[in-house]
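In what follows, a structure is listed as structure tokens, so that the remarks can point back to it.
A short reminder: the numbers here are calculations on the coordinates, not readings from a lab. No experiment lies behind these values; they were computed from the predicted model shown. Every residue, glycine as well, gets a Cβ built from its backbone with ideal geometry; the counts of neighbours run over all protein chains shown.
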Amino acid sequence: MSIPAPGFALDHGPRPRHHLCMLIYKIFQASEWAALRADGETKGAPVDVADGYVHFSALEQVPETAARHFAGQDKLMLLAVESDDLGDALKWEVSRGGAKFPHLYRVLRLEDVHWAQPLPLVEGQHQFPAGFS
């Protein structure tokens with residue numbers, strides 16, 4: 001499966017890759033994304049703060065996450081983070097339907113974001129970038 005082209009790139013340019021990376025995904029409201037960009041880090045959305053970790057989804061999980069938790073919501077941003085860059089702070093834990101989801105037990109830093117793209121709502125459905133099924 002191809003990885004979507006970035007809509008947001010950090011100023012430090014591409015990171016060297018010496019292994020296959022696994023991107024995980026976070027959906028933010030536009031205001032949450034703006035706050036992350038302004039502050040350089042975030043504890044996440046209100047649900048993340050309440051649960052004590054930042055919720056992420058794997059590639060195959062993110063469409064259902066959008067449908068369940070962001071149904072009908074516009075002005076969203078889809079962020080991609082390389083899981084290997086998060087070290088021991090990332091835990092894969094059983095959640096929805098018995099599947100393991102990535103949970104980040106530290107703040108999410110702007111430097112963690114590999115890319116970010118708008119997640120527009122078109123005729124009631126979120127439109128994912130190329131490479132999502």
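Summary of values
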item: Footprinting exposure proxy for Val54, Val62 (fewest neighbouring C-beta atoms within 10 Å first); result: Val62, Val54
item: Candidates per chymotrypsin sites (Phe, Trp or Tyr not before Pro) in the stretch 35-133, loop by DSSP, up to 13 other Cβ within 10 Å; result: Tyr105
item: Average Cα contact separation per residue, the stretch 23-121, under 8 Å, 6 or more apart, as relative contact order %; result: 39
item: Loop-resident sites, the stretch 53-102, for GluC sites (Glu not before Pro), counting at most 14 other Cβ within 10 Å (DSSP); result: Glu60
item: Largest-first principal axis extents of the Cα set of the stretch 23-121 (Å); result: 29, 28, 24
item: Vicinal HN-Hα couplings computed from phi for the stretch 64-70 (Karplus, 6.51 cos²θ - 1.76 cosθ + 1.60; Hz; Gly/Pro x); result: 5, 4, 4, 5, 7, 9, 9
item: The stretch 77-133: trypsin sites (Lys or Arg not before Pro) in DSSP loop, at most 15 other beta carbons within 10 Å; result: Arg106
item: Cut-off under 5 Å, modelled amide H: who pairs with Phe101 long-range; result: Glu93, Val94, Ser95
item: Table column - 3J(HN,Hα) (Hz), the stretch 76-87, Karplus curve with 6.51, -1.76, 1.60, x for Gly and Pro; result: 9, 10, 9, 10, 10, 10, 7, 4, 4, 6, 8, x
item: Residues with amide H under 5 Å from that of Trp115, placed H, sequence gap 5 or more; result: Ala80
